[in-house]
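Novice: Mind looking over this structure? Questions follow.
Values in this text are rule-based calculations from the coordinates and carry no lab data. Given the structure is predicted, the values throughout are model-derived calculations rather than measurements. With ideal geometry, Cβ positions are generated from the backbone for all residues, glycine too; neighbour counts draw on all protein chains shown.
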Amino acid sequence: MDQYQPKSAPRVGKACTRMGHVAIWSAKYLPIALMFLLAASVHFMRWQAREIDTPSRYARIQAQNHALAVQLAGLNRTLDHLSASFVEARDVATEARDLVGIHQGVVEIDLDPEPGSNAHPAWENPYHRALQRSGSRVDATLKQARELRISFEEMVAHMEREADEWACIPSTRPLEGGRLTSHYGRRRDPFTGLLAWHRGLDLSAPTGTPILASAEGRVIRAGYYRGYGRLVEMDHGNGLQTRYAHASRLAVKVGQWVKRGEIIGYVGSSGRTSAPHLHFEVHLLGEPVNPEPYILPDLLVAE
């Protein structure tokens with residue numbers, strides 16, 4: 001057995017040497033080869049996926065564009081109706097402003113265009129341009145809404161400023177019911193039979209009928225005054241005063257602030273009178289004037 005051992009040793013050494021070279025080559029180049037193969041596989045799979053997905057993606061984009069076009073068309077119709085409504089409201093606001101004494105037209109707000117809004121590159125999506133146009137219409141409609149809001153806010157503020165003055169103008173009848181039995185102006189005196197100047201209106205009503213303030217103001221006289229009998233006189237500011245005469249009893253005192261429509265006394269026949277009634281006068285700048293243009297004449301029934 002010993003004679004064969006020297007002959008086998010070189011073969012084993014050569015085999016080991018070849019295996020060592022293969023191991024070294026594999027360790028050095030095999031990872032690079034595997035990475036190259038993996039990259040090629042990934043690239044191939046992406047190409048395949050893109051080729052498969054492109055038609056479906058195009059179909060989805062087309063469907064989305066169509067849905068967008070339908071929505072834009074609906075939005076434009078809504079904006080048309082809304083804009084027309086704002087035009088009508090603007091006309092109403094203009095008339096209302098004239099009625100309350102604001103003769104200036106509805107305020108206008110400048111709508112500054114966005115820089116470059118009219119420039120559209122050739123590559124731009126037409127749906128994008130349509131969306132931009134709808135956005136501009138939305139801005140214009142919001143502008144109309146803001147103009148109307150400002151206009152009505154101005155009217156409300158103006159009316160609030162004028163409310164105090166309006167409340168102090170005699171404009172409601174001093175009795176609920178009652179008949180107009182004597183006008184303002186020249187008439188025949190019921191006691192003397194001679195022509196005399198009547199300084200107010202006589203409203204016939206049963207004794208005890210509430211007398212109502214024709215306007216808001218302060219009581220400056222409340223008591224018995226010669227031919228007036230029991231009298232309430234009120235100062236409403238701006239040179240306006242009212243007098244309520246021949247009351248059976250009074251319900252206010254001097255210095256008291258009275259609201260329009262508040263009870264200030266009750267109908268009677270005190271003073272120079274022949275029957276229960278209310279004598280009502282309006283004075284402007286210290287002079288008696290016809291009360292009929294102040295109170296509502298359509299509610300007065302002449303006898």
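Novice: Taking 4 °C and 1.567 mPa s as the conditions, I'd like the Stokes-Einstein D for segment 179-299 in µm²/s, using the Kirkwood hydrodynamic radius from alpha carbon pairs.
Specialist: 90 µm²/s
Novice: With label points built 7 Å along Cα→Cβ from the Cα atoms of R272 and D91, find their separation and express it in nm.
Specialist: 5.9 nm
Novice: Testing the spin-label approximation: label points 7 Å from Cα along Cα→Cβ at A59 and L72. State their distance in nm.
Specialist: Inter-label distance under the simple model: 2.4 nm.
Novice: Right, something else. At 7 Å along Cα-to-Cβ for each site, give me the label-to-label distance between L194 and K143 in nm.
Specialist: In this crude spin-label approximation the distance works out to 7.6 nm.
Novice: Contour minus end-to-end for E160 and K259, with contour as 0.36 nm per residue of separation and end-to-end as the Cα-Cα distance? The partial results should precede the final answer.
Specialist: On the way: separation 99, 0.36 × 99 = 35.64 nm, distance 1.67 nm.
Full extension from E160 to K259 adds 34.0 nm.
Novice: What is the list of residues in segment 269-292 whose amide nitrogen lies under 14 Å from a point 7 angstrom out from the Cα of R249, following Cα to Cβ?
Specialist: 269
Novice: Please give the peptides 64-72, 204-212 ranked by average Cβ packing (other Cβ atoms within 10 Å per residue), highest first, as a rough proxy for protection.
Specialist: Working: 64-72: 12.3, 204-212: 17.9.
Per-residue Cβ counts within 10 Å, averaged per peptide and sorted highest first, yield 204-212, 64-72.
Novice: What is the sum of charges around A222, taking Lys and Arg as +1, Asp and Glu as -1, for the other residues whose C-beta is under 10 Å from the C-beta of A222? It would help to have the intermediate numbers written out before the result.
Specialist: Values: positive: R221, R230, K253; negative: E233.
Charge balance in the 10 Å sphere: +2.
Novice: Net charge around H283, counting only other residues with Cβ within less than 11 Å of its Cβ (Lys, Arg = +1; Asp, Glu = -1)?
Specialist: -2
Novice: With +1 assigned to the C-beta of every Lys and Arg and -1 to the C-beta of every Asp and Glu, and no other charges, what is the dipole magnitude of segment 179-299 about the Cα centre in debye, to the nearest 20? Could the numbers behind the result be given before it?
Specialist: Details: 15 positive and 10 negative charges, 74 e Å.
I would put it at about 360 debye.
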